1. Residue under question is Leu82, and the condition is that it be in contact with a Ser or Thr (Cβ under 7 Å, 6 or more places away or on another chain), surrounded by 13 or more Cβ atoms within 10 Å (Cβ to Cβ) and modelled with pLDDT of 95 or more; does it hold?
2. For the range 57-73, state whether one or more residues are in contact with a Ser or Thr (Cβ under 7 Å, 6 or more places away or on another chain), acidic (Asp, Glu) and surrounded by 13 or more Cβ atoms within 10 Å (Cβ to Cβ).
3. Can you spot a residue in the range 38-49 that is in contact with a helix residue (DSSP H, G or I) (Cβ under 7 Å, 6 or more places away or on another chain) and surrounded by 11 or more Cβ atoms within 10 Å (Cβ to Cβ)?
4. More than 16 Å from Ile72 (Cα to Cα) and modelled with pLDDT of 95 or more: does that describe Pro8?
5. Looking only at residues in the range 19-40 that are assigned to a loop (DSSP other than H, G, I, E, B) and not small (Gly, Ala, Ser), which one is nearest to the chain's Cα centre (by Cα)?
6. Just one of (1) in contact (Cβ under 8 Å) with a residue 60 or more places away in the chain; (2) outside any helix (DSSP H, G or I); (3) in contact with a Lys or Arg (Cβ under 6 Å, 6 or more places away or on another chain) trips up Glu53, so point out which.
7. Please determine, by comparing only the residues of the range 1-34 that are among the aliphatic types (A, V, I, L, M) and crowded, with 16+ Cβ neighbours inside 10 Å, which one is nearest to Asp69 (Cα to Cα).
8. Return the pairs, sorted by first residue and then second, in which the second residue is of a type in the set (A, V, I, L, M, F, W, C) and at pLDDT below 95, the first residue lies in the range 60-85 and is closer than 16 Å to Arg2 by Cα and in a strand (DSSP E or B), the beta carbons are less than 8 Å apart, and the residues are 6+ apart or on different chains.
Amino acid sequence: MRVAFTKPFKKDYKKLPSNIQVQIDKQIERLLENQNHPSLRIKKMEGHEYVWEARVTVDYRMTFQISDDIYILRRVGTHPILRRP
């Protein structure tokens, strides 16, 4: 699997504190190695047929889609950011 970053993901990422960015990087590595890693707690987002959510920390999540062999990272942030339409 490979990873691709959307513009909104990149914009969200840049605004986050460096310690959260480090956690995001670790979780992306885990996603690429084993999407069933327990710390990711991946689940399908309610109301979005093709969007998944993965845990970064207790307060932060990242969303993604899967297209062929690519994880398309959509957004990253706290829960209110992820719930925006």
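The values are calculated or read from the model by the stated rules, or taken from the named source; none is laboratory data. Being a predicted model, the structure only gives us computed values, none of them experimental. Cβ: placed from backbone, ideal geometry, glycine included. Neighbour counts: every protein chain shown.
1. no
2. So far as the range 57-73 goes, no, none of its residues is in contact with a Ser or Thr (Cβ under 7 Å, 6 or more places away or on another chain), acidic (Asp, Glu) and surrounded by 13 or more Cβ atoms within 10 Å (Cβ to Cβ).
3. yes
4. no
5. Leu40
6. (1)
7. Leu31
8. Thr63/Met45; Thr63/Leu82; Ile70/Met1; Tyr71/Met1
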